[in-house]
1. Where is the GNM fluctuation largest for the chain (alpha-carbon springs, 10 angstrom cutoff): S125, S64, S114?
2. Taking 0.36 nm per residue of separation and subtracting the Cα-Cα distance, what length does fully extending R145 through S11 add?
3. Rank Q46, A148, A71 by how far each Cα sits towards the positive end of the charge dipole of the chain (+1 on Lys, Arg Cβ; -1 on Asp, Glu Cβ) and give me just the farthest.
4. Using the crude model of +1 on Lys and Arg Cβ and -1 on Asp and Glu Cβ, and no other charge, please compute the dipole size for the chain relative to its Cα centre, in debye to 20.
5. Compute the length gained on full extension between H50 and R90: take 0.36 nm times their separation in residues and subtract their Cα-Cα distance, giving the result in nm to one decimal.
6. Using only Cα atoms, locate the centre of segment 1-34 and the centre of segment 64-139, then give the distance between them in Å, rounded to an integer.
7. Any chance you could run the full-extension gain for T129 through D74? It's 0.36 nm times the residue separation minus the Cα-Cα distance, nm to one decimal.
8. Among V127, V53, V62, determine the one that fluctuates most according to a GNM of the chain built with springs between C-alpha atoms less than 10 Å apart.
Amino acid sequence: MALNRDFVGRSYASAAPYEVSRVKIREFAAAIGDHNPIYRDRDAAQAAGHPDVVAPPTFPIVFSLQSGGEALADPELGLNFAMVVHGEQRFEYTRPIYPGDELVTRSTITDIRSAGRNELLTIKSEVSTVAGEPVCTTYNTIVERGGAV
């Protein structure tokens, strides 16, 4: 069944700030297999011009969809999680993410469309500090296989 197009434009805010730590950055870098020392070693990061270790560019995937999760779980949307696969993810940065950042996210469903037998849902998430400083914007497209039938 097709996804409910009435959800396009709906926004959801994160329930609580996400607190970034050196440990979380290091664990994420290890999980993605990236051994760049700027993700693990403060001296290496400082030598590269950063004040501390820096998060890998894809790090916001850890928390950016939490605020959009409320929409995805809404039965009125009609999303069948058993048929969902990841379609696309991209990030636009205003500044890097560092330990000590407390980040909040506002996620908006920006598009729902059919592509053949599939439904594509795109969520734009604006990530900022609790003080309102913009950090990055993420775009995530998920695919519900066979949902357009």
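1. Judging by the Gaussian network model, the answer is S114.
2. So the extension gain works out to 45.8 nm.
3. A148
4. That gives the chain a dipole magnitude of about 260 debye.
5. My answer for the length gained is 12.1 nm.
6. Answer, in whole Å: 6.
7. This chain segment gains 17.1 nm when fully extended.
8. Taking springs between Cα atoms under 10 Å, the residue moving most is V62.
Rule-based calculations on the coordinates, nothing more; no lab input. Keep in mind that what you see is a predicted model, and the values were worked out from it rather than measured. Every residue, glycine as well, gets a Cβ built from its backbone with ideal geometry; the counts of neighbours run over all protein chains shown.
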